[in-house]
Amino acid sequence: MLSNAEYCQVVRDGVSVMEDKCVYGFFFVTGSAKRYFYVGRSKDLPRRLQEHRSKKRTGHEDKYEFIRKLEAQGMTWHCEVLESLSGTEYAPDAERWYVIRLTREGHDLMNMRHGSIERRKELAEQVRARHIRNVHDVQADRERRAFEGSRRLRRRIRRSWISILKECGIPDVAADTVLPPIFKRRLFAQAQAGGYANYCFPPGWKPAEFVSWLRRPLSKIREFRRWCESLDLPPLPE
């Protein structure tokens, strides 16, 4: 375990102390007890720690305000690698598990105060859930929540206008009055990422197919667009 000062020296010397992904924690020592106050993940820990140090003086996040309070009281905070991860392990699940575990152990983590209301509610539910006992349970819970979210989306589509989608399609997304606004905004964002002004859907779409289409990442659409443009293909005939 390296202290904060030792990590800074590592950064200045340009020496990498962590080649792989890792989950790390910030802590301070009071009496004989080690108290964690933040858990994070990184592929390059010295670089990430340097970013934290550059933000600690002016950063508005809870962890930076807490670091300033510690230093004002003359207390030293430290960084510890909680777990090194292989290339195949999903770092967000490992980070979430350590947040859950340390919160259960009584550590007051700043992670519990960040993000949307939905994210904080989900994290609080996971802390209370007795079936989550390790990182594999966190992964299973994440996949379950994603499936339930997808299922709710399918139900919403089916209730509203799935028959129209199957029988008539959507000839003009911009002019459509049946399409839920949240779907329309998502489709317009996808169209913009792909270089189009509008979208249309022929008849015959199934709920699962449409959900899969809605969930396409914008980054992948932009990447495909750039690849097509790199081919320098002739325009399609009118």
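The values are calculated or read from the model by the stated rules, or taken from the named source; none is laboratory data. Predicted model only: the values in this text are computed from it and were never measured. Counting neighbours? That spans all protein chains shown, and the Cβs are built from the backbone with ideal geometry, glycine included.
Rundown of residues vs (1) in contact with a strand residue (DSSP E or B) (Cβ under 8 Å, 6 or more places away or on another chain); (2) part of a helix (DSSP H, G or I); (3) farther than 26 Å from Arg225 by Cβ, yes/no style:
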residue	(1), (2), (3)
Gly106	no, no, yes
Glu125	no, yes, yes
Arg133	no, no, yes
Arg144	no, yes, yes
Glu148	no, yes, yes
Arg151	no, yes, yes
Lys166	no, yes, yes
Val173	yes, no, no
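Can you tell me which residue in region 56-70 is nearest to Met112 (Cα to Cα), limited to those that are among the acidic types (Asp, Glu) and surrounded by 14 or more Cβ atoms within 10 Å (Cβ to Cβ)?
Selected residue: Asp62.
Using the structure shown, decide if Val10 is at pLDDT 95 or above and outside any loop (DSSP other than H, G, I, E, B).
In short, no.
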